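The values are calculated or read from the model by the stated rules, or taken from the named source; none is laboratory data. Keep in mind it's a predicted model, so treat the numbers as computed, not measured. Every residue, glycine among them, receives a Cβ derived from its backbone with ideal geometry; neighbour counts consider all protein chains shown. For accessibility, only protein heavy atoms count, side chains too; no ligands or nucleic acids. Shrake-Rupley method; radii C 1.70, N 1.55, O 1.52, S 1.80 Å.
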Amino acid sequence: MTYPQRRPRRLRTTAAMRRLVREVRPQPAQLVLPVFVREGLQGSRPIESLPGVSQHGLDALPDLVDEAVAAGVGGIMLFAIPEVRDSTGSQACAADGILNRAIERAAATASGRLVVMADLCLDEFTDHGHCGILTAEGAVDNDATLAVYAQMGVAQARAGADVLGLSGMMDGQVQAVRAALDAEGLVDTSILAYSAKYASAAYGPFRDAVESQLDGDRKTYQMDPANRREGLVEASLDETEGADFLMVKPALPYLDVLADVAQASAVPVAAYHVSGEYSQIEAAAERGWIDRRTAHLEAITSIVRAGGDIVLTYAALDAAQWLKEDS
Ligand code: PBG
């Protein structure tokens, strides 16, 4: 009988030893909580396909921001559901549109205690549900959409957003929004580019959450799940165009892309553990098939291990608490 010369198990013998040799230690400050604000709603209303997540009325937003601050999370990402949608998504640019009012309210409450981010995309605001405006033939018109994104970005920055989350996957969107912000003197507003955003099945519950009108798919602008190298092309274009942060989305199915982007990027990289990834854990946990806490922490840890500096997760409030308990 020969015995092993090397015994990696020695470093796993006790909880104290495992804690000592742990390679990554996610912190609450790295987490960002996505928040849904619904125009006309009072209080909060649970989203069936996202257990534990609700739509909030403007009136409920300050308490939620305070809760996020108390939990120690680094930021919130605001999405909004307007009462009226039209072909150009005009409520997105209106100063009194629901998203811009939500930004104002959140920024006033946060008062610098966390980073207020806002989704910059038209899908919540268009009656056809696409992320841009359409040509007469019904195709998503890249360059016409850029002009609307530029206006939307200025409106969001004026409302007080710290970071604009450009999630529409139009070519040139970072450059267009940056130029519009700079022309208005809004030089301190940052841009987080959803650089490698894949056309994923995992956005299903989100589309419920925002009452999406989309009929069809987003495959002409979101990326093909088969393409890894292209993620780097998108990321490097966004960095060159002036993005302050890059993002890969969804997270766990694309950790290879995240690792590539994190290695190549000179700016912070975020990953979005999206609605379907979250709901898979929640649904299995409800049935007792998986441990909720362990599964969420494993997801967050894996994203950070792959190179993510920032993690967007619907479990941010609970996870922040768990991370504090575990540290
Ligand atoms: C588009 C947007 C989507 C998500 C974030 N921004 C939906 C889509 O592309 O269809 C999905 C996030 C999630 O699933 O959690 N504005």
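Of the residues L114, L41, L31, the one that moves most in a GNM of the chain with alpha-carbon contacts below 10 Å is L41. Comparing mean-square fluctuations of V53, V311, V37 from a GNM of the chain with C-alpha springs under 10 Å, the top value falls on V53. Take each peptide in 271-279, 168-176, 200-208, 217-225, count the other Cβ atoms within 10 Å of every residue, and average; sorted highest first, the result is 271-279, 168-176, 200-208, 217-225.
Here the range 31-76 and the range 100-173 have alpha carbon centers that stand 19 Å from each other. List the lysines whose Cα sits under 18 Å from the Cα of K219, skipping any in the same chain fewer than 8 residues away. Result set, ordered by chain and number: K197, K249. Against the chain, whose longest principal axis is taken from its Cα atoms, helix 275-286 shows a tilt of about 50°. In a simple Cβ point-charge model (Lys, Arg +1; Asp, Glu -1; nothing else charged), the chain has a dipole of about 2100 debye relative to its Cα centre.
Taken as Cα centroids, the range 278-327 and the range 228-248 sit 26 Å apart, rounded to the nearest whole angstrom.
Leaving out ligands, DNA and RNA, and with a 1.4 Å probe, what % of the accessible surface on the chain is carbon or sulfur?
C and S fraction of accessible area: 49 percent.
Computed over the chain with a Gaussian network model linking Cα atoms closer than 10 Å, the most mobile of L258, L246, L317 is L317. For the chain, the relative contact order comes to 18 percent (Cα pairs under 8 Å, sequence separation of at least 6).
Sort 138-145, 4-11 by the packing proxy (mean of other Cβ within 10 Å over each peptide's residues), most packed first.
On the way: 138-145: 16.1, 4-11: 8.0.
Result, highest mean first: 138-145, 4-11.
Overall shape: rounded for the range 26-326, with the ratio a/c of the largest to smallest alpha carbon gyration tensor axis below 1.5.
Summed over the residues of the chain and divided among them, the accessible surface reaches 45 Å² per residue at a probe radius of 1.4 Å. Rg then Dmax, both in Å and based on the Cα atoms of the range 3-114: 21.2, 72. Let a ≥ b ≥ c be the square roots of the eigenvalues of the Cα gyration tensor of the range 191-327; is it rounded (a/c under 1.5), or, if not, prolate (a/b larger than b/c) or oblate? Oblate, because a/c is 1.5 or more while a/b does not exceed b/c.
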